[in-house]
1. How large a share of the accessible area of the range 1-123, in percent, is made up of carbon and sulfur atoms when the probe is 1.4 Å and the other protein chains stay in place?
2. In whole Hz, what ³J(HN,Hα) sequence does the range 203-211 give by Karplus (6.51, -1.76, 1.60; θ = phi - 60°), x for Gly and Pro?
3. Determine the dipole magnitude for the range 123-271: charges of +1 sit on the beta-carbon of Lys and Arg, -1 on that of Asp and Glu, nothing else is charged, the reference point is the Cα centre, and the result goes in debye to the nearest 20.
4. Going toward the positive end of the dipole of the range 104-209, with +1 on Lys and Arg Cβ and -1 on Asp and Glu Cβ, which of THR109, ASN208, VAL170 do you reach last?
5. Under a point-charge model restricted to the Cβ atoms of Lys and Arg (+1) and Asp and Glu (-1), what is the dipole moment magnitude of the chain relative to its Cα centre, in debye to the nearest 20?
6. Just need the relative contact order of the chain here, percent rounded to a whole number, with Cα pairs under 8 Å and 6+ apart.
7. Per-residue accessible area for TRP146 at 1.4 Å probe radius, Å² rounded to 10?
8. Within a Cβ distance under 12 Å of LEU220, other residues only, what is the Lys/Arg minus Asp/Glu net charge?
Amino acid sequence: MVAPIGYAVWMSLFQERSSGLGFGGTERVFSGLGNYSRALSDPAFRTSFVHIAVYCVAYIPVMIGGALVLALLLDSALSRAKRFLQLALFLPHAVPSMIAAIVWIYLYTPGLSPVTGWIESLGGNWAFFSADHALSSMINIAVWQWIGYNMVIFYAALQAVPRETLEAAVVDGAGELRIAWQIKVPVIRSSVVLTLLFTCVGAVQLFNEPKILSSRASSLGSTWSPTMYIFKAAFERHDYGLAAASSLLLALAAAALSFIVTRIGNRGKTA
């Protein structure tokens, strides 16, 4: 685990420079923190973090809230087909994210997708690849793929809630909604915080969905997310020093976000 990080740190300290008029090949020169300065001064790199922040604000509440509601519904007496619903909701997680994005591009494409046909037959119009809807289209793909996975985590945690406590609440006249909000959710708080942590880290590393969607949604661009910026620096510009420095800055941002989420979760636990 340490070796790749150490190699990335070493690469981030060097730059490839052409000698003369470019006919003498390139040479690797020590640049110190120059690559970090280049990354931080690049508006495209800074804007990619803004994009991810906006994505997280919209995506995380939908993902965590939706998974929690589904798990509570499955755990309640209202659900009559728990095993089937668990399998149906978890199944999209078995699809690789790259394949899922390609499938959804088909479903978003007018003239090919039955979804757009149904919308038009109802008199509506929804441009999934437009600048106004590209973000929601991306969020829909991620939610479709991951909500079942998080739901299973919450549902497994709910099975550890003491049944005696639930029966006592029912005897006291508490309804399903009150039991869920005041008993079940507080008991599985640790699972919620853990899932929130994983979701935040995954969102920061978002790549496949915007990369695939950017082929149809021009508003996303080639450096929409930090990972796309790193990919372009490494494999299109062949600027490996900049890519390594950007990767380490992204890792630091992910670590800082993880620390904040963990501290907030622990603070709520001790409150």
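1. Details: 5610 of 7710 Å².
Result for the range 1-123: 73 percent of the exposed heavy-atom area is carbon or sulfur.
2. 5, 5, 8, 4, 9, 4, 4, x, 5
3. Working: 11 positive and 8 negative charges, 56 e Å.
It works out to roughly 260 debye.
4. Looking along the dipole axis, the top candidate is VAL170.
5. Details: 18 positive and 13 negative charges, 76 e Å.
Charge dipole, the chain, about its Cα centre: 360 debye, nearest 20.
6. Working: 287 pairs, mean separation 77.3, N = 271.
The normalised contact order for the chain reaches 29 percent.
7. About 90 Å², rounded to the nearest 10.
8. Working: positive: LYS211, ARG216; negative: GLU209.
Result for the neighbourhood of LEU220: +1.
The values are calculated or read from the model by the stated rules, or taken from the named source; none is laboratory data. Because the structure is predicted, anything quoted here is derived from the model rather than measured. Counting neighbours? That spans all protein chains shown, and the Cβs are built from the backbone with ideal geometry, glycine included. In case anyone asks, the SASA skips ligands and DNA or RNA and just uses the protein heavy atoms, side chains included. Shrake-Rupley method; radii C 1.70, N 1.55, O 1.52, S 1.80 Å.
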